[in-house]
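Quick notes on the structure that follows.
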Amino acid sequence: MSKEEIDLHAELKKYFGFSKFKGLQESVIRSLVRGDDTFVIMPTGGGKSLCYQLPALIKEGTAIIVSPLIALMKNQVDAIRAVSQHEGVAHVLNSSLNKTEIKQVKEDIKSGITKLLYVAPESLTKEENVEFLRSVPISFMAVDEAHCISEWGHDFRPEYRNLRHIIKRIGDNIPIIGLTATATPKVQEDILKSLDITGANTFKASFNRPNLYYEVRPKTKNVDSDIIRFIKQNEGKSGIVYCLSRKRVEELAQVLQVNGIKAVPYHAGLDAKTRVKHQDMFLMEDVDVVVATIAFGMGIDKPDVRFVIHHDIPKSIESYYQETGRAGRDGGEGHCLAFYAYKDIEKLEKFMAGKPVAEQEIGHALLQEVVAFAESSLSRRKFILHYFGEEFDNETGEGGDMDDNVRYPKKQFEAKDDVVI
Ligand code: ADP
Ligand code: MG
């Protein structure tokens, strides 16, 4: 072990109390500490934050972390403060701060105390912030959730498009690290181009989740009873049921309650207090099931979610992967059950009708993949991993028999050797 290596482990232990790096973390951190542009593709829960947090704590200057969600930034800032001597080690710079608070943030940065500065892209575009950041030493720039840059990602945010331009204005030679859990080749290419880091060292972890069991069932008018039966067969286990609309969330939560299942609804139409309450009830296991729109899940880290049910099929394979990915984070059992009817695809197509043509085309292409996935009689896992640019062999790969099509091959379709998905 080289001297450098020993040091990184010591820093990891000192700041985070972990004795080992997870997956590719160490190589990523070395790349960034060296000052190279770096690109990280790791599934959710893979430990991406640490890939920039540790270098930020080690390196001279302040690291700027761009992240799309204020709630996530706050969580991270609290976590970093908890492991450090000084409150000012991490700050958020956003529109919610008053003048006194902004002054304090700037003073801490100037005095060199602040190692991590979290900013939303909107705040970064503000002229006064750019001017200020130009005048202080910046160690590197991290773009978390970097798929927001791409129209092919599941969460396109136009403000992300300007990041490269702003980074250039803040400083000429600032190393950049982009991080995402979206692994499609198109999105990756977009990120590298848009951030202008095509020469970046790229680190891609496997997206295989061997402990998840994937199943797709036809959606009939009895879908509610099917869901109730499934949940009752899994009594006492925690699970999430995703629905497309708030209305459906409310209705289904009620149906489950009436049937003796401890369930709460969660969607963006509920007031903040109720949302927090329902989320906590789920985390504390006062209820077993959350019926939710996609508003639920980002940044929620419940390790023992045992099933994720899709009452409605998601609008892309990425969304499906993200949402099902919330099951079995502890490595234990995770059953992913999606109900599919082509009629729902048509519904999703209709939602796109008013959107710009380019967006519709992308949306349509993503949906076609969902159709192919749902209607496929071949391995679900193989399909998903192939979609993410990863080859998977069901004979030798981990979790090779963990989906409905592999375990119970459909008789009506004879899968031929030459069928390629
Ligand atoms: P991502 O952003 O890739 O979804 P996070 O950065 O949120 O993942 O990390 C997921 C979890 O993994 C967190 O609870 C974090 O504390 C934990 N973690 C990260 N690195 C390590 C490590 N080296 N050892 C143990 N746990 C780790
Ligand atoms: Mg993350």
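Every number in this text was worked out from the coordinates using simple rules, so none of it is lab data. Note that the coordinates shown come from a computational prediction; the quantities given were computed from them, not determined experimentally. Counting neighbours? That spans all protein chains shown, and the Cβs are built from the backbone with ideal geometry, glycine included.
A few remarks follow.
- Some residue of region 29-49 being within 16 Å of ligand 2 (Cβ to nearest atom), among the hydroxyl-bearing types (Ser, Thr, Tyr), within 22 Å of the chain's Cα centre (by Cα) and closer than 20 Å to ILE197 by Cβ: yes
- Any hit, region 153-169, residues being surrounded by fewer than 17 Cβ atoms within 10 Å (Cβ to Cβ), more than 16 Å from ligand 2 (Cβ to nearest atom) and in contact (Cβ under 8 Å) with a residue 60 or more places away in the chain: no
- Candidates ASP144, ASP108 - the one that is in contact with a Phe, Trp or Tyr (Cβ under 9 Å, 6 or more places away or on another chain) and either of a type in the set (D, E, K, R) or under 25 Å from ILE294 (Cβ atoms) (or both): ASP144
- Region 19-37: number of residues that are touching a Leu at 6+ places or on another chain (Cβ under 7 Å), farther than 23 Å from VAL92 by Cα and more than 8 Å from ligand 1 (Cβ to nearest atom): 1
- Condition check for HIS86 on (1) within 22 Å of ALA205 (Cα to Cα); (2) more than 14 Å from ligand 1 (Cβ to nearest atom); (3) out of contact with any Lys or Arg (no Cβ under 9 Å at 6 or more places or on another chain); (4) in contact (Cβ under 8 Å) with a residue 12 or more places away in the chain: one failure, at (1).
- Single unsatisfied condition, HIS91 versus (1) part of a helix (DSSP H, G or I); (2) away from ligand 2 (no atom under 16 Å from the Cβ); (3) closer than 26 Å to ARG157 by Cβ; (4) not small (Gly, Ala, Ser): (1)
- Qualifying residue in region 340-356 (condition: in contact (Cβ under 8 Å) with a residue 24 or more places away in the chain, in a loop (DSSP other than H, G, I, E, B) and buried (at least 22 other Cβ atoms within 10 Å of the Cβ)): no
- Yes/no for PHE16 being in contact with a strand residue (DSSP E or B) (Cβ under 8 Å, 6 or more places away or on another chain), within 16 Å of ligand 1 (Cβ to nearest atom) and in contact (Cβ under 8 Å) with a residue 40 or more places away in the chain: no
- Filtered residue count, region 311-334, keeping only those that are in contact with an Asp or Glu (Cβ under 7 Å, 6 or more places away or on another chain) and part of a strand (DSSP E or B): 0
- Selected residue (only one of LYS48, LYS59, LYS13 is basic (Lys, Arg) and crowded, with 20+ Cβ neighbours inside 10 Å): LYS48
- PRO43 in contact (Cβ under 8 Å) with a residue 12 or more places away in the chain and either of a type in the set (D, E, K, R) or within 8 Å of ligand 1 (Cβ to nearest atom) (or both): yes
- Subset of region 303-328 [under 20 Å from VAL264 (Cα atoms), within 14 Å of the chain's Cα centre (by Cα) and within 16 Å of ligand 2 (Cβ to nearest atom)]: GLU323, ARG326
- Note on region 170-200: among residues that are within 16 Å of the chain's Cα centre (by Cα) and not hydrophobic (A, V, I, L, M, F, W, C), the one that is nearest to ligand 2 (Cβ to nearest atom) is THR180.
- Residue within region 394-401 that is within 26 Å of LYS186 (Cβ to Cβ), in a loop (DSSP other than H, G, I, E, B) and over 23 Å from the mean Cα position of the chain (by Cα) present: yes
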